[in-house]
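Single-structure report; data block below.
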Amino acid sequence: MEPGTQAHRGDAELPCLETDEGASAAVRPSVLGPTLVLRGELSIGEDLVIQGEIHGNVVGTDTVVIKRGARVSGQISATRIQFEQGTRLDEVVLTGSIARTSGD
Amino acid sequence: MFKKNEQTETSSVRLATTEDKIGLVKGSSRSASVIGPTLVFKGELSADEDLIIEGTVEGTIAHQQKNLTVGKQGRVKAHIHAKHVRIEGAVEGDVRGDELVLLARGSNVSGNIFSPRIQMEDGATFNGKVEMGKRQPELAVAKDSAMDRSAGT
């Protein structure tokens, strides 16, 4: 980068990291992508989409969606839990209203 | 029975709208994980994709090769390692950026920064040490000559 250019030039180099100013205050759903691996305790007050791995307990107040290819072990409690066919649930305790879908 | 089906239906509708919102926020189909503002996680986190943290993460973050953003509402108590690191929120821990670390206005970092390039906006708070490593002279020269050539034509 040339010296003297605006500090905001940094944003241009990180296009995928743009945070929408307007949307930041709004509810942003949490998505744990396919390469994400979490080991520990998680709590959340909004929708959660799990595509990766979670080993531990999840406490949610809204909907937890477990997508195809996800791996989960531990306890999940949420108002609604939805899981697709093809998810791997090891020793999982689900607490909440549960729906199973075939995915896309 | 009917009730259950109905529930599945509404759930899928919810999911669709959720994903639409993500699409809007990202503005692209590129995969990125989002840790939302109400999410609190304590433990080990590892990832091999872009990650935006707007929530609270305490523990360890093993994140490499990709971009990591700690958003305005993000609170991280962990050492961070990624290719590009952009911090708008609060971080307690060392920040390692293989290419760039950017501290945006309003960010608050307590810890050390290790990166060959560092950008700090006016209004960022930083307490710690910076290590940029050794400058690679060949790279700088190559860039300069390229600039000369483009300026000459």
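Summing Cβ point charges (Lys, Arg +1; Asp, Glu -1) relative to the Cα centre of the range B:45-134 gives a dipole of roughly 180 debye.
Once you average over the residues of B:52-63, how many Cβ atoms of partner chains fall within 10 Å of each Cβ? Could the numbers behind the result be given before it?
On the way: counts 7, 1, 4, 7, 1, 3, 2, 4, 2, 0, 1, 2.
That average works out to 3.
Near the amide H of A:Thr101, within less than 5 Å, lie the amide hydrogens of A:Phe83, A:Glu84, A:Gln85, all on another chain or at least 5 residues away, with H placed in the peptide plane.
Taking a 25 Å limit on the Cα-Cα distance, which of the listed pairs B:Lys66/B:Lys134; B:Lys83/B:Lys134; B:Lys42/B:Lys134; B:Lys77/B:Lys134; B:Lys42/B:Lys72 fall beyond it?
Details: B:Lys66/B:Lys134 22 Å; B:Lys83/B:Lys134 17 Å; B:Lys42/B:Lys134 35 Å; B:Lys77/B:Lys134 28 Å; B:Lys42/B:Lys72 19 Å.
Pairs exceeding the cut-off: B:Lys42/B:Lys134; B:Lys77/B:Lys134.
Please list, short to long, the whole-number percent of alpha-carbon pairs of the range B:32-136 in consecutive 5 angstrom bins beginning at zero. Result returned by the calculation: 3, 14, 27, 29, 18, 7, 2, 0, 0. Over the range A:30-104, the Kirkwood radius and the radius of gyration, each from Cα atoms, give a ratio Rg/Rh of 0.91. Counting neighbouring beta carbons within 10 Å and listing from fewest to most, the residues A:Val59, B:Val91, A:Val49 come out as A:Val59, A:Val49, B:Val91.
FYI, it's all coordinate maths here, none of it is from the lab. Every value quoted in this text rests on a predicted model; they were computed, and no experiment measured them. In this analysis, Cβ positions are derived from the backbone assuming ideal geometry, glycine residues included, and neighbour counts consider all displayed protein chains.
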